[in-house]
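Below is one structure, written out as structure tokens, with a few remarks after it.
Read the figures in this text as sums done on the coordinates, not as results from a lab. Note that the structure is predicted; figures quoted are calculated from it, not measured. So basically every Cβ, Gly included, is an ideal-geometry build from the backbone, and we count neighbours across all protein chains shown.
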Amino acid sequence: MGKNDIEIACSLLETGGIIAYPTESVWGLGCDPYNESAVQRILDLKKRPLDKGLILVAGEFDQIGDLIDPLSGEFGDRLRASWPGPTTWLIPDPLNFFPNWIKGQHSSVAIRISAHPLVSALCNQFGQPVVSTSANFSGQLEIKSKADVECQFGVNIDYILDGELGGRQNTSTIRDLTTGKILR
């Protein structure tokens, strides 16, 4: 994986493309979260209902500053203690920084700052969070190899960003920021 590969992936994200990429534990599908048609393509590919919402991944705190800056010290401390890392937090989004097609039926947004070097580099080059949903049909087992991504999604995705999984066995933990409750 070279810088050129990330530039290709970002160029496709900017024009509404869908990419596949390795994350900490599974292969993910990604797109620009502000591009409604790209998000809908991912939902259609996965056969996933819109109301469930999608996870976003960022490379650094600055990419989600508008969302987290207004949080009280306690909530900000929770985020900073767990990021970068494999915890996805449901963060209230009362000012709607993220569109409903990302949040689904929820008023919060599911987001994490990744410690995976490729994911972090991708988001940093793109300059904002990226959709990060597992590369599988909704309700099916997560995909752990590039070959399986190619087999299952093939020509329906625009680019596969080559790389290695991060070595975690389980997908990210999902927690509600306001309650601290673990949801997955």
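Under 23 Å between alpha carbons, and skipping anything fewer than 8 positions from Lys181 in its own chain: which lysines qualify?
Lys52, Lys103
Counting only other residues whose beta carbon sits under 12 Å from that of Gln105, what net charge do I get with K and R as +1, D and E as -1?
Details: positive: Lys52, Lys103; negative: Asp51.
With Lys, Arg at +1 and Asp, Glu at -1, the neighbours total +1.
Can you tell me which aspartates and glutamates have their Cα less than 17 Å from the Cα of Lys46? Leave out same-chain residues fewer than eight positions away.
Asp32, Glu36, Glu142, Asp148, Glu150, Asp158
So what's the back-of-envelope 222 nm ellipticity for the chain, counting only DSSP H runs of four-plus at -39500 (n - 2.57) apiece and dividing by all residues, rounded to 500? Don't skip to the answer; put the middle values down first.
Working: 7 runs with 59 residues, N = 184.
The helix contribution divided over the chain gives -9000 deg cm²/dmol.
How large is ³J(HN,Hα) for each residue in segment 171-184, as worked out from phi by the Karplus curve 6.51 cos²θ - 1.76 cosθ + 1.60 (θ = phi - 60°), to whole Hz, x for Gly and Pro?
Here the 3J(HN,Hα) series is 5, 4, 6, 10, 10, 7, 5, 6, 9, x, 5, 7, 9, 8 Hz.
For Lys47, go through the aspartates and glutamates and keep the ones whose alpha-carbon is under 12 Å away, minus same-chain ones fewer than eight residues off.
none
Remind me, what semi-axes does the chain give for its equivalent ellipsoid, largest first in whole Å, using sqrt of 5 times each Cα gyration tensor eigenvalue?
Details: eigenvalues 118, 59, 53 Å².
Taking √(5λ) for each eigenvalue gives 24, 17, 16 Å, largest first.
Answer rounded, prolate or oblate for segment 98-142, using the Cα gyration tensor with square roots of eigenvalues a ≥ b ≥ c: rounded when a/c is under 1.5, else prolate when a/b is larger than b/c, else oblate. Write down the numbers at each step before the final one.
Values: a/c = 2.40, a/b = 1.21, b/c = 1.98.
Judged from the Cα gyration tensor, segment 98-142 comes out oblate (a/c at least 1.5, b/c at or above a/b).
For segment 2-102, take the alpha-carbon Rg, divide it by the Kirkwood Rh, and send me Rg/Rh. Walk me through the numbers before you get to the answer.
Numbers: Rg = 14.7 Å, Rh = 15.2 Å.
Rounded to two decimals, Rg/Rh equals 0.97.
In whole percent, what relative contact order does the chain give with Cα contacts below 8 Å and a gap of six or more residues? Don't jump to the answer; show the numbers that get you there.
Values: 371 pairs, mean separation 66.9, N = 184.
Contact order relative to length: 36 percent.
If you take every residue apart from Trp27 with its C-beta less than 12 Å away from the C-beta of Trp27, what net charge results, scoring Lys and Arg +1 and Asp and Glu -1?
Details: positive: Lys144, Lys146; negative: Glu24, Glu142, Asp148, Glu150, Asp162, Glu164.
That sum, taken over residues with Cβ under 12 Å, equals -4.
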